[in-house]
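The numbers here are math on the coordinates, done by the rules we state, and not lab data. Everything numeric here is computed off the predicted structure, so don't read it as measured data. Methodologically, a virtual Cβ is constructed for each residue, glycine included, from the backbone with ideal geometry; neighbour enumeration extends over all protein chains shown.
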Amino acid sequence: MNAPQVRIVPWDEDDLDLLRLLNAPEMTVHFGGPETEEKLLARHKTYCEIAGQGTGRMFKILLLPNNEVVGSVGYWDMVWQGEDVFETGWSVLPAFQGRGIATAATAKAIASAASEKKHRFIHAYPKVINPASNTICRKLGFLFMGECDFEYPIGTPIRCNDWRLELGEE
């Protein structure tokens with residue numbers, strides 16, 4: 001099977017409707033359920049401003065050749081076990097899942113993160129019970145570091161897998 005052709009485009013003010021689609025109950029099963037409108041608007045503002053602040057990048061995913069908007073992918077700064085790293089995450093609309101789109105788009109986001117030469121590692125933290133996202137990490141060459149505990153959203157404990165990929169030297 002051929003990998004899907006995708007493009008990732010920086011998130012902008014016009015992408016709030018996409019964020020609303022990604023906030024649907026079936027899309028947020030592994031994230032504690034849909035966010036309130038207030039939290040969604042705050043997230044959209046963060047996504048629009050992150051690149052300008054130099055703390056990461058958020059993108060919408062376009063499926064070629066028709067430039068159909070099918071999801072989001074991004075990376076952002078975080079401190080993990082005392083080390084500055086990037087965290088990455090992705091989300092693809094249900095009608096487009098299972099086609100390799102998230103894998104292809106995340107590979108492009110990783111290339112963007114690596115080009116910044118800011119952090120040595122990028123991590124992903126899918127829930128232990130999220131086989132699709134864990135498979136994406138394996139396909140992209142992430143190293144499984146072990147299980148870990150997170151709060152997401154804040155106040156909600158979840159069990160995740162810590163996947164790490166070396167981007168190169170800082």
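If each residue's Cβ is checked for other Cβ atoms within 10 Å, how do F121, F59, F144 rank with the fewest at the top? Don't jump to the answer; show the numbers that get you there.
Values: F121 20, F59 24, F144 12.
The order, fewest Cβ neighbours first, is F144, F121, F59.
What residue among D15, D77, D149 has the largest mean-square fluctuation in a Gaussian network model of the chain, using Cα springs under 10 Å?
Answer for the Gaussian network model of the chain: D149.
Averaging the inverse of every distinct alpha carbon separation and then flipping it gives the Kirkwood radius. What is it for the chain, in angstrom units?
Details: mean 1/r = 0.0613 Å⁻¹.
Here the Kirkwood hydrodynamic radius works out to 16.3 Å.
As a test of the formula, what do you get for the chain when each DSSP H run with n ≥ 4 contributes -39,500 (n - 2.57) and the sum is divided by the residue count, at 222 nm and rounded to the nearest 500 deg cm²/dmol? Before the final figure, lay out the partial values.
Working: 4 runs with 49 residues, N = 170.
Roughly -9000 deg cm²/dmol at 222 nm, from the helical runs in the chain.
Given the options T55, T36, T28, state which has the largest fluctuation in a GNM of the chain using a 10 Å cut-off (strictly under) for Cα springs.
T36
Placing unit charges on C-beta atoms (Lys and Arg positive, Asp and Glu negative, everything else neutral), compute the dipole magnitude of the stretch 23-141 about its Cα centre in debye, rounded to 20. Numbers along the way, then the final one.
Details: 13 positive and 11 negative charges, 85 e Å.
For this selection, approximately 400 debye.
May I have the count of lysine pairs in the chain with C-alpha atoms under 16 Å apart, counting pairs 8 or more residues apart or located on different chains? Walk me through the numbers before you get to the answer.
Working: K45/K60; K60/K108; K108/K117; K108/K139.
Value for the chain: 4.
Who wins for biggest fluctuation among I158, I101, I110 in a Gaussian network model of the chain, springs between alpha carbons below 10 Å?
It is I158.
What's the local net charge at A24, with K and R +1, D and E -1, over the other residues with C-beta under 13 Å away?
Details: positive: R20; negative: D17, E26, E35.
My count for the surroundings of A24 gives -2.
What relative contact order, as a whole-number percentage, does the chain give when Cα pairs under 8 Å and 6 or more residues apart are counted?
Working: 297 pairs, mean separation 34.8, N = 170.
Result for the chain is 20 percent.
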